[in-house]
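Below is one structure, written out as structure tokens; comments come after it.
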Amino acid sequence: MTRFVLDPTGERRVTQRLRLERPSTIGGKRVGLLDISKPRGDVFLDRLESRLSEAGARVQRFRKPTFTKPAPVDLRHEIATQCDVIIEALAD
Amino acid sequence: MATAPTTQLVAVVKRECETCQMVTPVLRELHRRRRLVVYTQDDPAFPEGVSAIHDDDLAVSWHQQIDTVPTLIRMDGDVEVERAVGWSRAEWERLSGVDGLAPDLPPTRPGCGSMSVDPDRVDELRRRFEGGRLHSRHVELADEEDDIEVMFQRGWSDGLPVVPPTEARVLRMLDGTSRAPEDVVATVPPDLVDVTVEKVAVAAVMAGCLPEYLPWVITVVEAICTDEFNIHGVLATTMPVGPVIVCNGPGTQAIGMNAGVNALGQGNRANLTIGRTVQLVVRNVGGGRPGEVDRATHGNPGKLSFCFAEHSKWSFGSLAESRGAAPGADAVTVFAGEGPRCVVDQLSRTPESLASSIAACLRTLHSPKLVLVFDAMLVLGPEHARVFSDSGWDRERLLAELDQRLQIPGTELVRGAAGIAEGMPAAFAAHTLPKFRAGGLLLAGAGGAAGLFSAIIGGWANAEIGSQPVTREVRT
């Protein structure tokens, strides 16, 4: 006898999105640095900002309200429209 | 008494039922005098002399929701006006408008169970007549596949065997709620997938729930998928927390939850399966799996399930009511917590001594040098609770006394103090700081009658940056 169970998953169809091509040079690129609001993430990002600026990148800083929740949609939109590259600082 | 010309009578019977056999002369008389349609569930030739229609697939019985035979229904067109269940001369005379029915019969006699509610048939009938209500993909199992192993192989298990969610089981589970299967309960992180009542019911079957638990499960899923509770962060954190579920109200006893001996432990079906269902929803619908978005360093066994009821009668009032639920309402409170730890104090006989003892344990939560950033839940055992209540301390008094004992000089907390690098920033050295933010210590009552113990459940990053406890009333 044929047996069936019901699919317990969300049955979503995942949209595949291709990543942007990696830039060959950082010079002149708009680089976003996203601070996720974890303690000491700013220490890491400050250092990155100075290194990237030395390499000719135009650095912009962004900050999530809290590391525990996904970035608000407006912030994601802002980053997507203002940056060529984004670097997210993860940990303490 | 005359009935309108559009009315007709419908009777559902079976030969196997002695009451149905007894009322055969009544059915013949009504058949002769009124518009009567008789449906017979078992023998097409029964009852003789009324040209009964054989309800061989029990479709009429199912859709008319016949629980007992004989049932006599008066219809006005397609609309049921009234029904009589079993034999009652007075009711049958009123429904039919015919007086003096079978004077030799007893005035009443109960009927028998309808074949449409026969436990051996009901699941199959529900699947046949109501299966179209479901939308989940049907996954076919091969003959050689073991049902339980399939669930593991497809990644649908939390590590323990799950009950295969067949259509019949899911339909039976859905009997536990009045909500439609397609109703969206919440949007579940991390994949942000809308979860329907049906998918919650699928998870409830897998976890081992009874249908009467389903409204509780649905309410907890709603509660954890709020921005306040933030199940996304609770799942993703490296800390060992998960949803801790405290249930209140008379419904906890109706569904057999445990608030007593071993309340936070194993052995009670409702406690264990409600909590387990919620985690299966996060895993299978939300896509939140350990090692993927769940990054817990250690986790804790309560992430399989951590759900208990509060004592219905203890002198501190219910946690849910203290958080705004209506008095006496069935309600859940969800708290992002780790596993419980025990507070041992077998000698304190005054509330002051016991409060100091508990406060000293609370102070060490997560780190004796970190304050304000974590909430906690204190689960008082009955013997500890009595020490306070015998002295007239209520919830507010106890929490105030604990708060007073948890004011800590900043010099003991700052980084480097006591030779420990961890701690609060140096700027706090000049201040006295409370261990918990206002409202950050929750108080619940559970546990067996013997044992001068309480339990502390440590929380996670609190307030807007992390998770806030959420209380919701349960809807059926």
Check your understanding: Taking other Cβ within 10 Å of each residue's Cβ, how do B:ASP55, B:ASP191 sort, fewest first?
Key -> B:ASP191, B:ASP55
Practice item. Report the one residue of B:HIS31, B:ALA201, B:TRP393 whose Cα lies farthest in the direction of the positive end of the charge dipole of chain B (charges on C-beta: Lys and Arg +1, Asp and Glu -1; origin at the Cα centre). Key: B:TRP393
Study note, to complete from the structure: Under the helix-only model (-39500 (n - 2.57) for each DSSP H run of 4 or more, divided by the residues of chain B), the mean residue ellipticity at 222 nm, to 500 deg cm²/dmol, is -7500 deg cm²/dmol
Check your understanding: Hey, got the dipole for region B:152-473? About the Cα centre, +1 on K and R Cβ, -1 on D and E Cβ, debye to the nearest 20?
Key -> 700
Revision key, fill the gap. Within 10 Å of the Cβ of an average residue in A:8-19, the count of other chain Cβ atoms is 5
Revision key, fill the gap. A chain fully extended from B:ASP99 to B:GLU124 at 0.36 nm per residue, minus the present Cα-Cα distance, gains in nm 4.9 nm
Review point. Roughly what percent of Cα-Cα pairs across region B:291-401 reach past 19 Å?
Key: 56
Review point. So what J values fall out for region B:172-179 if you push phi through Karplus, 6.51 cos²θ - 1.76 cosθ + 1.60 with θ = phi - 60°, rounded to Hz, Gly and Pro as x?
Key: 4, 4, 5, 4, x, 9, 8, 7
Review point. Mind checking the dipole of region B:302-399: about its Cα centre, +1 per Lys or Arg Cβ, -1 per Asp or Glu Cβ, Debye to the nearest 20?
Key: 240
Point to revise | Extreme residue, positive dipole direction of the protein assembly as shown, given options B:THR219, B:LEU370, B:LEU402 (C-beta unit charges) | key: B:LEU370
Practice item. Name the long-range amide H neighbours of B:GLY337: under 5 Å, sequence gap of 5 or more, or other chain; modelled H, no Pro or chain starts. Key: B:GLY242, B:VAL244
Revision key, fill the gap. Once the in-chain neighbours fewer than 8 apart are removed, the lysines whose Cα is under 27 Å from B:LYS199 read A:LYS69, B:LYS303
Check your understanding: Using unit Cβ charges (K, R positive; D, E negative) and no other charged atoms, how large, in debye to the nearest 20, is the dipole of region B:234-341 about its Cα centre?
Key -> 200
Practice item. Just name one of B:ALA446, B:ASN262, B:VAL69: the one whose Cα is farthest towards the positive end of the charge dipole of chain B (beta-carbon charges, Lys/Arg +1, Asp/Glu -1). Key: B:ALA446
Practice item. Compute the distance in nm between two label points, each set 7 Å from the Cα along the Cα-to-Cβ direction, one at B:LEU370 and one at B:ALA438. Key: 2.4
Check your understanding: Which residues in region A:39-60 have a backbone N closer than 12 Å to a point placed 7 Å from the Cα of A:ARG30 along the Cα-to-Cβ line?
Key -> A:58-60
Review point. For the pair B:GLU473 and B:ASP143, what calculated FRET efficiency results from E = 1/(1 + (r/R0)^6), where r is the Cβ-Cβ distance and R0 = 56 Å, to the nearest 0.05?
Key: 0.75
Review point. Between A:ARG47 and A:THR81, 0.36 nm times their residue separation minus their Cα-Cα distance comes to what?
Key: 9.8 nm
Review point. Given just the C-alpha atoms of region B:321-367, how large is their convex hull per residue in cubic angstrom?
Key: 146
Review point. Amide H of A:GLY32: which non-local residues (sequence gap of 5 or more, or other chain) have their own amide H closer than 5 Å, using H built in the peptide plane?
Key: A:GLN60, A:ASP84, A:VAL85, A:ILE86, A:ILE87
Study note, to complete from the structure: Under the 7 Å Cα-to-Cβ spin-label approximation, B:ILE420 and B:MET22 lie apart by a distance in nanometres of 7.8
Check your understanding: Within straight cross-link reach of A:LYS29, meaning Cα distance under 24 Å, which lysines are found once same-chain residues fewer than 8 apart are removed?
Key -> A:LYS64
Review point. For region A:30-89, how big is the tail of P(r) above 12 Å, as a whole percent of Cα pairs?
Key: 64
Review point. Just in region A:1-85: which trypsin sites (Lys or Arg not before Pro) are loop by DSSP and have at most 10 other Cβ atoms within 10 Å?
Key: A:ARG13, A:ARG17, A:ARG19, A:ARG40
Review point. Using 7 Å Cα-to-Cβ label points, what is the B:GLU292/B:SER178 separation (nm, one decimal)?
Key: 3.7
Point to revise | For region B:7-117, alpha-carbon Rg over 2.2 N^0.38 Å | key: 0.94
Study note, to complete from the structure: Here the alpha-carbon Rg of the protein assembly as shown over 2.2 N^0.38 Å rounds to 1.29
Exercise for review: Enumerate the amide H contacts of B:VAL37 below 5 Å, restricted to partners 5 or more residues apart or on another chain; note that Pro and chain-start residues carry no placed amide H.
Suggested key: B:LEU9, B:VAL10, B:ALA11
Revision key, fill the gap. Packing-ranked peptide list from B:247-254, B:215-222, B:202-209, highest mean Cβ count within 10 angstrom first, is B:202-209, B:215-222, B:247-254
Check your understanding: In the protein assembly as shown, which cysteines lack any other cysteine Cβ under 4.7 Å from their own?
Key -> A:CYS83, B:CYS209, B:CYS225, B:CYS247, B:CYS307, B:CYS342, B:CYS361
Review point. How long are the three semi-axes of the equivalent ellipsoid for region B:152-473, computed from the Cα gyration tensor as the root of 5 times each eigenvalue, in whole Å, largest first?
Key: 35, 24, 16
Point to revise | region B:397-476: trypsin sites (Lys or Arg not before Pro) in DSSP loop, at most 13 other beta carbons within 10 Å | key: B:ARG475
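Since every read-out is calculated from the coordinates, none of them should be taken as a lab result. Computed from a predicted model, the values in this text were never measured in an experiment. Cβ coordinates were reconstructed from backbone atoms using ideal geometry, including for glycine residues, and neighbour counts include every protein chain displayed.
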